[in-house]
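Below: one structure, written as structure tokens.
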Amino acid sequence: MKKILFKIKDLKVPIIVGDNILKKINYQQYIRNKDVVIITNKTVAKLHLTKVKNVLKKFRVETYIIPDGERFKNTDTLNKIHNFLIEKNFDRQLTIIAFGGGVIGDLAGFAADTFLRGVDLIHMPTTLLAQVDSAIGGKTGINHKNGKNLIGSFKHPNAVIIDISFLSTLPKRQFISGLAEVIKYGIISNGSFLKWLNMNKENILNYKSKELLRVVSVSVKEKVNIVQKDEKEKNIRAFLNFGHTLGHAIESTQNYKGILHGEAIGIGMVFASAISVEKSTLTISDFNLITETIQNLQLPISLPREIKTSKIMNHLSFDKKKKLGKNNFVLLKSISKCFITDKLTTKFIQKMVETFQH
Ligand SMILES: NC(=O)c1ccc[n+]([C@@H]2O[C@H](COP(=O)([O-])OP(=O)(O)OC[C@H]3O[C@@H](n4cnc5c(N)ncnc54)[C@H](O)[C@@H]3O)[C@@H](O)[C@H]2O)c1
Ligand SMILES: [Zn+2]
């Protein structure tokens, strides 16, 4: 069992990573009082809820189960959670456990931040994406009909408990999608990790415990390092958006259906690397290592033909992170050296998108 400390302002958030660790944790360290509400969804509850309840027998545990799906990450579900907490008369001593993927983490995190102006929160992420990305760094949020994650807050949990054994039930495609963020950390801040990912692809894809523990713990450390330096995304936290400018545009052309986030990001990362070769100092051999790793970990590396360039161009102009009508692209000077530019012309981006289809 590994403990990684995330230090932010005067807070220290322990992030515990291990394989089959639920029984080994002293929960009283992280839970102030007896009252605990586990927020989860139907899928995760069916597979894993009993295990979690079994280790929390010293507490008064209630569970709130929501339906499965990104479309439930909205004000309606948030309202229902608030109603439940109010009807049950919970007070500020409550601890909410967000038990599930990124949807649950974002929703339950926001509920914990807003109920009675803030109660305690523990993240217990169960997807690879949530373990390496969404449960780390304190962002919470819900979607609005006009866009994803438009409403939210920063809320740091008392602890993040990452048990990789939950991943054994995760559908392969979801697992691979989560690997896109893992590869991203390799590209933007840890070149030797990127090489290691490429070399250990088989064991990783076969959920081998030793390799999976390294995948998760290195990723967590990389994200912690970046967010500790820039919590509110004033500068380097934006590097975490590497691959996401095109990735988000791809996802929104598909109405966030059919293609998974990591699949779109895989394509977006190859795209940003190709631009970096054109416009910057990224070498062909670094570009090849990036592309090969993404491909070896079974993620797509080019744009499906049915997604038309014109659609991508339309959606690029609506990217949420765009400032003053310009698209910000995170590019590479080399592996682990990023910079951000808004100087790419529409004409150049369009030409690059066109050459990028298969
Ligand atoms: N807060 C942040 O910093 C941040 C960062 C990245 C993404 N996000 C958000 O995270 C969300 C995506 O998260 P996600 O990819 O985890 O999606 P998700 O929460 O929808 O989970 C994906 C699917 O896997 C299922 N699942 C979860 N754990 C499982 C398990 N152990 N076994 C079997 N099935 C399991 C879920 O029920 C769901 O069907 C998005 O809403 C995104 O906006 C937030
Ligand atoms: Zn992402």
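The values are calculated or read from the model by the stated rules, or taken from the named source; none is laboratory data. Everything quoted here is computed from the prediction, not taken from an experiment. Ideal geometry is used to build each Cβ from the backbone, glycine not excepted, and the neighbour counts take in all protein chains shown. Only protein heavy atoms, including side chains, enter the accessible area calculation; ligands, DNA and RNA are left aside. Shrake-Rupley method; radii C 1.70, N 1.55, O 1.52, S 1.80 Å.
A few notes on this one:
- Taken over segment 140-156, residues that are open to solvent by 80 Å² or more (accessible area, probe 1.4 Å) and either under 24 Å from Lys9 (Cα atoms) or aliphatic (A, V, I, L, M) (or both) amount to 1.
- Any pair with Cβ under 8 angstrom, 6 or more apart, that starts in segment 95-112 at a residue that is closer than 16 Å to Asn79 by Cα and ends at one that is open to solvent by 10 Å² or more (accessible area, probe 1.4 Å) and among the aliphatic types (A, V, I, L, M): Ile104/Val44; Leu107/Leu78; Phe110/Leu78; Phe110/Ile151; Ala111/Leu78
- Residues satisfying the stated conditions in segment 161-175, i.e. within 16 Å of ligand 2 (Cβ to nearest atom) and either in contact with a Gly (Cβ under 7 Å, 6 or more places away or on another chain) or open to solvent by less than 10 Å² (accessible area, probe 1.4 Å) (or both): Phe175
- Gly137 outside any strand (DSSP E or B), small (Gly, Ala, Ser) and surrounded by fewer than 24 Cβ atoms within 10 Å (Cβ to Cβ): yes
- First in segment 250-269 and farther than 16 Å from Glu70 by Cβ, second anywhere and within 14 Å of ligand 1 (Cβ to nearest atom) and open to solvent by 40 Å² or more (accessible area, probe 1.4 Å), Cβ under 8 Å, 6 or more apart: Gly268/His248
- Segment 227-250, subset surrounded by fewer than 20 Cβ atoms within 10 Å (Cβ to Cβ) and of a type in the set (A, V, I, L, M, F, W, C), residue nearest to ligand 2 (Cβ to nearest atom): Ala238
- Residue that is part of a strand (DSSP E or B), closer than 19 Å to Val216 by Cβ and not small (Gly, Ala, Ser), where the choices are Val13, Val61: Val13
- Hey, Lys184 within 16 Å of ligand 2 (Cβ to nearest atom), assigned by TED's automatic domain parsing to the domain that holds Gln254 and within 16 Å of the chain's Cα centre (by Cα) or not: yes
- Residue check for Leu260: within 15 Å of ligand 2 (Cβ to nearest atom) and buried (at least 23 other Cβ atoms within 10 Å of the Cβ): no
- With respect to being open to solvent by 20 Å² or more (accessible area, probe 1.4 Å), assigned to a helix (DSSP H, G or I), among the aliphatic types (A, V, I, L, M) and within 16 Å of ligand 2 (Cβ to nearest atom), Val103 fits the description.
- Of all residues in segment 182-205, none satisfies being of a type in the set (Ser, Thr, Tyr), in contact (Cβ under 8 Å) with a residue 12 or more places away in the chain and under 28 Å from Ile31 (Cβ atoms).
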